[in-house]
Amino acid sequence: MTDTTTEDTTGSVGDTDVHGEEPGSEDLVAEGIPLVEGTGRRAMRWPQVLAAGLACFGLWLLLDSSTLLRSAQASPFGTRRSVAIALLRPLAATEHALGLAGVVNGVDRALGRTGTGVVQVSRGVSTGHGHGADPSRPLRTTDSTAPAPATGPDGFPQLPTPTTASPLHVLVVGDSLGVDLGNPLVDDLVVSGVVDATADAHIDTGLARPDYFDWPAELRNDLALYAPQVVVVFMGANDPQNMVVDGNAVAYGTAAWSEDYEARVVAFVKEATDTGSHVIVVGMPPMADPGLTAKMQALNQDLALAAGSPGVTYFASWPVLSDPSGAFQTYLPDASGNEVEVREPDGIHITPAGADRLAHAIIGEMDRALGLHVPS
């Protein structure tokens, strides 16, 4: 039997017409809104795609602004660095005000992202002001026939006065505050013309969580690679937290915690002194948050006690980065009496001007404690 049904080219079968388009698609096309072929779905206009992309970029920039700011501060001085810092500072302040930094760090740890931001630079006489240590430089050895050098103020053999031919080798290690300090201290040492300096600093690290970042192992690698005569340690802001010792939890704020933490600091600096390196342990500065300031004061007591071994000197950054009463200040007067910003908006980190202020003070302590003179 022959089917005599006539095809209705203007009607529809079900919800789709004979051209495979959704009802009302003619209206969308008439409005200039294209359809995705074969789906009848509306395609986004390019301004909408651009707006969505910019929104995603803005959200990422806000969530990662603190890390980006610290990376910018660790970059070489210049216009690019200055512009990046100027743009990122207000974003970082907003991120911390909204409490987003902790969320981002928590997500990273949940996803197993254990890598940390890092600044690693080597500059100086034998490195040609480039990056990376001189692989041909041998480790230090002791000449048993040479007369014993005089003992320096720190109880270790006094270092010879550095020269261009025989530069002083300095290593700076630390957490995110070490990132803040690293480049300025390296630059201020290198400008003397008689120092090779290296900075190795990792954000979100410390001695309390070796499962997250193993600083003793990192220091051993640095000692073997750079053979420093002086090691500057600037870390601890992340350490006021519970620790695990021999498989047992040790609560922060207890006497047991202080005892165990002091033992970790002693073992850490001993890695350096066992190779003949002098060590300068730099204490934590005051913080904007009173609770965190109290934690830093307690931590500094542990750091100072641990620095009583021969070859180890404790240097307090507190007076350098506080007002005469010892209180936190975002701005402090420079040598000319002009107010300069020394602390970042988060109330924790140090600005380039503040880091330079601290670097000059540390170099002065190196002169005093180690019995040598580094030209400034």
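Tabulated data for the structure shown
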{"quantity": "Top-ranked residue in region 302-351 [being part of a strand (DSSP E or B) and of a type in the set (S, T, N, Q); ranked as surrounded by the fewest Cβ atoms within 10 Å (Cβ to Cβ)]", "calculated": "SER322"}
{"quantity": "Top-ranked residue of region 289-306 - restricted to ones that are closer than 24 Å to SER277 by Cα and hydrophobic (A, V, I, L, M, F, W, C), ranked as modelled with the lowest pLDDT", "calculated": "ALA306"}
{"quantity": "Any hit, region 356-372, residues being surrounded by 15 or more Cβ atoms within 10 Å (Cβ to Cβ), without any contact (Cβ under 8 Å) to a residue 40 or more places away in the chain and not in a loop (DSSP other than H, G, I, E, B)", "calculated": "yes"}
{"quantity": "Hits in region 302-325 - residues which are in contact (Cβ under 8 Å) with a residue 24 or more places away in the chain and not small (Gly, Ala, Ser)", "calculated": "ASP302, LEU303, LEU305, PRO310, VAL312, THR313, TYR314, PHE315, TRP318, VAL320, LEU321"}
{"quantity": "Residues located in region 200-225, provided they are among the small types (Gly, Ala, Ser), out of contact with any helix residue (DSSP H, G or I) (no Cβ under 9 Å at 6 or more places or on another chain) and either touching a residue at least 12 places away in the same chain (Cβ under 8 Å) or surrounded by 21 or more Cβ atoms within 10 Å (Cβ to Cβ) (or both)", "calculated": "ALA224"}
{"quantity": "Meets criteria (assigned to a helix (DSSP H, G or I) and over 18 Å from the mean Cα position of the chain (by Cα)) for ALA249", "calculated": "no"}
{"quantity": "Odd one out for SER309, checked against (1) at pLDDT below 95; (2) touching a Phe, Trp or Tyr at 6+ places or on another chain (Cβ under 7 Å)", "calculated": "(2)"}
{"quantity": "Scope region 308-320; condition on the phi < 0 side of the Ramachandran plot and touching a strand residue (DSSP E or B) at 6+ places or on another chain (Cβ under 7 Å); matching residues", "calculated": "VAL312, THR313, TYR314, PHE315, SER317"}
{"quantity": "Which listed residue, of VAL250, VAL269, is free of Cβ contacts under 8 Å to residues at least 12 places away in the same chain and surrounded by 13 or more Cβ atoms within 10 Å (Cβ to Cβ)", "calculated": "VAL250"}
{"quantity": "Check on ASP274, modelled with pLDDT under 95 and within 25 Å of TYR261 (Cβ to Cβ)", "calculated": "no"}
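One line per residue, one yes/no per condition, for (1) touching a Gly at 6+ places or on another chain (Cβ under 8 Å); (2) assigned to a helix (DSSP H, G or I); (3) at pLDDT 95 or above; (4) buried (at least 17 other Cβ atoms within 10 Å of the Cβ):
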position	(1), (2), (3), (4)
PRO135	no, no, no, no
ASP143	no, no, no, no
VAL173	no, no, yes, yes
PRO184	no, yes, no, yes
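The values are calculated or read from the model by the stated rules, or taken from the named source; none is laboratory data. If you're wondering where the values come from, they're calculated on a predicted model, not measured in any experiment. FYI the Cβ positions are ideal-geometry reconstructions off the backbone, even for glycines, and counts take in every protein chain you see.
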